[in-house]
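Take a look at the structure below.
The values are calculated or read from the model by the stated rules, or taken from the named source; none is laboratory data. Being a predicted model, the structure only gives us computed values, none of them experimental. So basically every Cβ, Gly included, is an ideal-geometry build from the backbone, and we count neighbours across all protein chains shown. All accessible areas refer to the heavy atoms of the entire protein, side chains included, with ligands and DNA or RNA removed. Shrake-Rupley method; radii C 1.70, N 1.55, O 1.52, S 1.80 Å.
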Amino acid sequence: MLEIKNLHVEVGGNEILKGIDLEVGAGEVHAIMGPNGSGKSTLSYVLSGREGYEVTQGSIAYKGQDVLEMSVDERAAAGIFLAFQYPIEIPGVTTMTFLKTALNAQRKARGEEELDAVKFLKLVREKAKPLNVTDEMLKRPLNVGFSGGEKKRAEILQMAILEPWFAILDETDSGLDIDALKTVSEGVNALRSPERSMLVITHYQRLLDYIVPDKVHVLSKGRIVKTGGKELALELEKSGYAEYGADEAA
Amino acid sequence: MAAVKETVETVGEVEKYKYGFSTEIESEKAPIGLTEDTVRYISAKKDEPEWMLEWRLEAFRRWKNMKEPTWAKVFYPTMDYQNAYYYAAPKQTVAPESLDEVDPKLLETYEKLGIPLEEQKMLAGVAVDAVFDSVSVVTTFKEKLKEAGVIFCPISEAIRDYPELVKKYLGSVVPVTDNFFATLNSAVFSDGSFVYIPKGVRCPMELSTYFRINEKQTGQFERTLIVAEEGSYVSYLEGCTAPQRDENQLHAAVVELVAMDDAEIKYSTVQNWYPGDEEGKGGIYNFVTKRGDCRGRNSKISWTQVETGSAITWKYPSCILRGDNSRGEFYSIAISNTKQQVDSGTKMIHLGKNTSSRIVSKGISAGGSSNTYRGLVSVHKKAENVRNFTQCDSLLIGDKCSAHTVPYIEAKNPTAILEHEATTSKISDEQLFYCMQRGVPEEEAVALIVNGFCRDVLQQLPMEFAVEAQKLVGISLEGSVG
Ligand SMILES: Nc1ncnc2c1ncn2[C@@H]1O[C@H](COP(=O)(O)OP(=O)(O)OP(=O)(O)O)[C@@H](O)[C@H]1O
Ligand SMILES: [Mg+2]
């Protein structure tokens with residue numbers, strides 16, 4: 001599904017990612033953990049194509065395609081989705097309108113028929129309910145005045161509606177209360193399938209109790225310094241990142 | 001509604017200006033230039049009574065001694081008023097009685113414009129008056145309106161059929177000598193719409209006029225007069241387009257609204273005149289005087305405008321709040337791209353007690369354009385307890401455009417409470433990235449964000465037209481990023 005080879009990335013002239021190798025197979029869920037500033041969000045931005053994140057070396061292949069040749073929206077239409085660590089406010093554009101615009105833009109790019117208002121409404125209602133996203137929230141401008149937890153739920157709602165093939169969840173658990181964490185995790189798990197892969201960035205093992213990963217990677221100072229199974233997260237929770245040189249990185 | 005549907009369907013394939021075609025149709029024109037004879041020619045063509053001719057001639061004499069205003073922040077070469085045509089009409093020997101008699105080419109043009117002229121298509125219930133160059137071609141739904149007692153007809157017809165009403169109100173809001181362009185209009189106006197809503201009547205449908213300039217070198221000077229008697233209500237919409245031409249064409253309209261006690265007039269405009277090309281060649285000079293008079297107590301006039309076209313826009317729809325407790329509203333979206341220049345805003349003149357006004361202006365500048373909001377809030381000495389709220393938001397796209405806000409405030413009564421808020425912002429890279437990450441292509445993302453920025457104003461438009469306006473926003477900003 002996704003194959004990253006020797007990826008080096010510069011931001012504003014500073015090298016942030018210093019040779020990442022990562023392979024995520026179809027249906028797999030990988031967790032990425034690591035100290036603040038180690039480059040986790042940077043990796044998520046590079047995968048989704050954000051401007052200013054310059055790849056100086058290496059390659060990213062997604063379903064056999066060279067991702068670096070694709071524009072941001074092309075990647076999205078091809079099924080790459082990023083749930084933002086800090087979702088962006090779009091004043092005046094209701095969550096509903098935003099979702100419809102996004103879904104239909106993707107469908108159009110893929111040569112599929114666009115959904116009409118009625119079908120779309122039905123779809124949104126169906127996906128919003130299990131995530132406790134109310135009609136009132138759907139009518140509000142996207143992320144404007146949303147609480148931290150509401151923003152994260154709105155991100156997962158977008159994912160549920162867009163049904164991507166490769167989803168990156170950047171600290172989706174931060175800012176969620178215990179009940180919301182459960183709701184969101186259930187939403188994410190509902191999307192797990194043999195054809196869909198995920199990269200889950202988190203600081204807390206707690207999330208991984210709900211969304212159980214196939215692999216856990218530790219990212220430190222722009223490099224993957226350790227890879228293991230789900231038990232690695234438990235270890236990290238106990239001993240921290242000290243042995244990976246986190247004190248200098250943080 | 002068909003107009004909306006067509007717009008929606010064509011948006012995909014639309015390039016820059018989809019209304020840029022012109023129609024090959026035989027026309028009848030006044031001799032080039034502007035003299036007393038031109039005025040007489042127009043008046044004679046319209047079969048006008050003597051009093052109307054006199055009114056025009058008086059305006060013409062005044063105009064000859066007036067100077068073009070220069071205070072607006074717009075720049076253009078001196079106009080040669082003698083090198084233009086002041087009257088052009090599609091040639092047709094007898095006036096059409098019904099749609100079947102209208103030149104099919106004209107109907108085709110309107111169809112291309114997405115105007116649902118044929119009545120069977122008009123289930124949506126919008127009555128349309130269409131003005132092609134200088135004459136009103138057909139007014140649909142006349143019968144149904146007549147039943148309600150509403151008069152909706154070309155103003156030339158009103159001058160003949162309802163002379164008392166026209167005499168009473170024409171020029172009563174915008175006096176003949178109001179300003180250079182209004183005076184010019186008074187002398188040579190060729191057509192436009194007349195609306196009269198009798199006491200207590202709620203107009204049963206939206207009324208709508210489409211203006212189209214087709215002929216070369218021809219100015220369009222339409223005149224609209226709307227009178228809402230006590231306790232009545234009307235919602236009126238005008239749409240404008242013009243073919244793509246290398247020369248600049250002048251559009252100098254006058255719109256007068258009169259609202260009596262407890263009456264309400266809602267006037268919406270979607271202006272999409274040809275804006276000129278990327279280098280600023282061609283395009284319509286839109287110098288328009290629009291004013292509403294809240295003459296009665298508790299009356300209300302609300303202007304909503306979406307201005308996307310024209311090379312130059314010079315336009316200040318205003319309200320004179322004469323009646324006690326009357327209310328004026330101005331909701332505006334003004335988009336400028338490439339080399340367009342916009343100087344637009346409103347005047348709220350508070351004369352009566354407890355009068356209130358609300359101004360919401362959204363200016364969007366892109367390309368190398370200039371966009372100025374110019375607004376006046378004036379409170380008369382005797383106007384107690386006046387309230388005004390003004391919000392001016394500017395959005396910049398790129399770094400070669402500019403936005404200016406010029407508010408004038410004159411408060412002569414200490415009880416007035418006037419609030420003014422202004423913001424200037426840019427579309428952030430973050431917002432664009434976020435939208436694009438969800439699969440929305442860049443230009444569509446810009447349109448989405450801009451539409452969000454304009455939401456408060458778009459919501460004021462009648463539903464069908466809001467959809468159309470949203471699409472227009474996207475089209476006018478094409479090529480503004482990247
Ligand atoms: N525009 C920029 N210019 C310079 N440095 C940047 C820029 N953006 C990010 N960085 C730096 O890149 C490093 C990695 O940042 P990144 O956001 O990827 O970390 P992270 O692992 O997601 O951290 P956290 O756990 O706090 O979210 C940080 O040191 C950050 O300051
Ligand atoms: Mg981060």
Original post:
How about region A:46-74: which of its residues lose at least 50 Å² of accessible area in the presence of all protein chains relative to their chain isolated, using a 1.4 Å probe?
Top reply: A:50, A:72, A:73
**OP:** May I ask for the accessible area buried between chains B and A, both sides summed, probe 1.4 Å, to the nearest 100 Å²?
**Re:** 2100 Å²
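What does the charge add up to near residue B:320, with Lys and Arg as +1, Asp and Glu as -1, over the other residues with Cβ less than 9 Å from its Cβ?
Details: positive: B:291, B:295, B:322, B:347; negative: B:293.
Net charge in that neighbourhood comes out at +3.
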Original post:
Given region A:2-244, what percent of its DSSP beta bridges are antiparallel, to the nearest 5?
Top reply: 60 percent
**OP:** Could you list which residues have their amide H under 5 Å from that of residue A:20, counting only those 5 or more apart in sequence or on another chain, with H placed in the peptide plane?
**Re:** A:6, A:7, A:8
Subject >> Under 5 Å, built H, 5+ apart or other chain: amide partners of residue B:284 >> reply: B:249, B:274, B:276, B:310, B:311, B:312
Subject >> Where region A:2-244 is the region considered: accessible area per residue in Å², 1.4 Å probe >> reply: 43 Å²
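Kindly provide the chymotrypsin sites (Phe, Trp or Tyr not before Pro) of region B:46-85 that DSSP labels as loop, not H, G, I, E or B, and whose Cβ sees at most 16 other Cβ atoms within 10 Å.
Passing sites in region B:46-85 are B:71, B:75, B:81.
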Original post:
Carbon and sulfur atoms: what percent of the 1.4 Å accessible area of chain A do they account for?
Top reply: 48 percent
**OP:** Could you name the lysines whose alpha carbon sits less than 18 Å from that of residue B:167, not counting residues in the same chain fewer than 8 places away?
**Re:** B:46
Subject >> Neighbour cut-off at most 13 other Cβ (10 Å), DSSP loop, GluC sites (Glu not before Pro), region A:57-121 >> reply: A:112, A:113, A:114
Original post:
Each label point is 7 Å from the Cα along the Cα-to-Cβ direction; what then is the distance between the points at residue B:45 and residue B:172, in nm?
Top reply: 2.9 nm
Subject >> trypsin sites (Lys or Arg not before Pro) within region A:78-111, DSSP loop, no more than 16 other Cβ atoms inside 10 Å >> reply: A:110
Original post:
Tell me, what HN-Hα J-couplings in whole Hz come from the Karplus equation 6.51 cos²θ - 1.76 cosθ + 1.60 at θ = phi - 60° for each residue of region B:205-210, using x for Gly and Pro?
Top reply: 8, 5, 9, 8, 10, 10
**OP:** Note the full-extension length gain between residue A:204 and residue A:116 as 0.36 nm times their separation in residues minus their Cα-Cα distance, in nm to one decimal.
**Re:** 27.6 nm
**OP:** Please list, in chain and number order, the residues 5+ apart from residue B:268 or on another chain whose amide H is under 5 Å from its amide H, with Hs placed from the backbone.
**Re:** B:236, B:237, B:238, B:304
